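Each reported figure results from applying straightforward, stated rules to the coordinates on display, with no laboratory input. Bear in mind that the values here come from a model prediction, so they are computed numbers and not experimental data. Here the Cβ positions follow ideal geometry from the backbone for every residue, glycine too, while neighbour counts run over all protein chains shown.
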Amino acid sequence: MPSPSVPRHPALTLSTIALLTLPPLLWAGNAIVGRVAAPWIPPITFNLLRWVLAALLLVPLGGWILRRSSPVWHDWRRYLLLGSLAVAGYNMLQYLALHTSSPLNVTLVASSMPVWMMLVGRLFFGAPVQRPQLGGAVLSLAGVLVVLSQGSWANLMQLRFVPGDAWMLAAAFTWSCYSWLLTRHDEDPRVRADWAAFLLAQTVFGLLTAGVLTAGEWTWLTLAAPADMPTRIAWSWPLAAIVLFVAVGPSVLAYRAWGAGVQRAGPTVAGFFTNLTPLFTALMSTLLLGEPPRAYHAVAFVLIVAGIVVSARRA
């Protein structure tokens, strides 16, 4: 019998697959535009602006959560933790990574997510690691390596990692902790039943942490002024469009879909879907450069999907 602390999740359905596929698609776009915006705006400031706009979009949908009588104030520690991990932590680390690493490298390092999901679940939530999940991890990572190598072992041997990849590794661990915390229903059920209110509560408290980190960033930029990072915001219409996109797509829509998908499938199975992100990133990059998809993209897709299917099997 499984531990009562470990939630049981039903088999994957088409609607659950759709929910868990949308976030990697939007996060792939986030990695690309985040790299484009890197010379125009400091990374932690970019993250703050993204979530300020996302909060403004959520207020008309779930603004009741901010009332004085709201149950959110009683559980403020939980929302502060969720917001600090997802709103401030994960996204800040990703944008820091994109200053020295490529979008494909960033999403490749993020493909370690299934491993982190299994480790965090086992160590902190008592979730056993099952053989289908290990097999799924091998298949899924193989698919990511096919994307990275472009179907050639020689290309894989030429891969070079940079400091930004370490930031992304920390981001993957942070996101794993956040995803497992979503399975705990410690908040008022009225909040959990309203997805916009639940996300807005996380965003508001996350902005507190993001604001402190942004103040630290500007203090650091004033004192150190590193050569590889902008010391001011170079506003333009392209930058404004990027901020709007990351607020609507990778923030509101992706987080809504991810939260619902994790509740249905569980964090470990959901983690395998994040390995679609490097594939989507590679496809978007090639399309933007006017290059058609290659055969190795199809091979990678088959391997990643096979990993998802295998991991979803019951031991």
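Observations, loosely collected:
- Each of P250, V305, V59 was placed along the dipole of the chain (beta-carbon charges, centred on the mean Cα), and the one lying farthest toward the positive end is V305.
- Distance (nanometres) between label positions extended 7 Å along Cα→Cβ at A240 and T21: 3.5 nm
- Here R190 and W153 are evaluated by their C-beta separation; at R0 = 45 Å the FRET efficiency comes out at 0.25.
- When the Cα positions of L283, A260, T203 are compared along the charge dipole of segment 23-311, A260 comes out farthest toward the positive end, with charges on each C-beta of Lys, Arg, Asp and Glu.
- For segment 247-263, Karplus couplings with θ = phi - 60° (6.51, -1.76, 1.60), whole Hz, Gly/Pro x: 6, 7, x, x, 9, 5, 5, 5, 5, 4, 5, 5, x, 5, x, 5, 4
- Volume per residue that the Cα convex hull of segment 23-311 spans, once the total is divided by residue count, Å³: 133 Å³
- Extreme residue, positive dipole direction of the chain, given options G135, S102, F46 (C-beta unit charges): G135
- Expected 222 nm ellipticity per residue - DSSP helices of 4 or more, -39500 (n - 2.57), all of the chain, to 500: -22000 deg cm²/dmol
- Among I65, I233, I304, residue whose mean-square fluctuation peaks in a GNM of the chain (springs only between Cα atoms under 10 Å): I233
- For the options T107, T268, T286, a Gaussian network treatment of the chain with springs between C-alpha atoms closer than 10 Å singles out T286 as fluctuating the most.
- Sites matching trypsin sites (Lys or Arg not before Pro) across segment 58-154 that sit in DSSP coil, with at most 10 neighbouring C-beta atoms within 10 Å: R67, R68
- Using a Förster distance of 45 Å, the FRET efficiency for R122-L287 (Cβ separation, nearest 0.05): 0.70
- Pairwise Cα distances in segment 16-104 exceed 19 Å for 53 percent of all pairs.
- Low-density loop positions, trypsin sites (Lys or Arg not before Pro), segment 212-275 - DSSP coil, at most 12 other Cβ in 10 Å: R232
- Residue of P132, P267, P163 that the Gaussian network model of the chain assigns the largest fluctuation, springs spanning Cα pairs under 10 Å: P163
- Summary value for the chain: 41 percent relative contact order, contacts being C-alpha pairs under 8 angstrom separated by 6+ residues.
- Segment 171-203: trypsin sites (Lys or Arg not before Pro) in DSSP coil with no more than 14 other Cβ atoms inside 10 Å: R184
- This ranking places V204, V212, V87 by how few other beta-carbon atoms lie within 10 Å of each, fewest first, which gives V212, V204, V87.
- Under a model in which nothing but the beta-carbon of Lys, Arg (+1) and Asp, Glu (-1) is charged, the chain shows a dipole of about 600 debye around its Cα centre.
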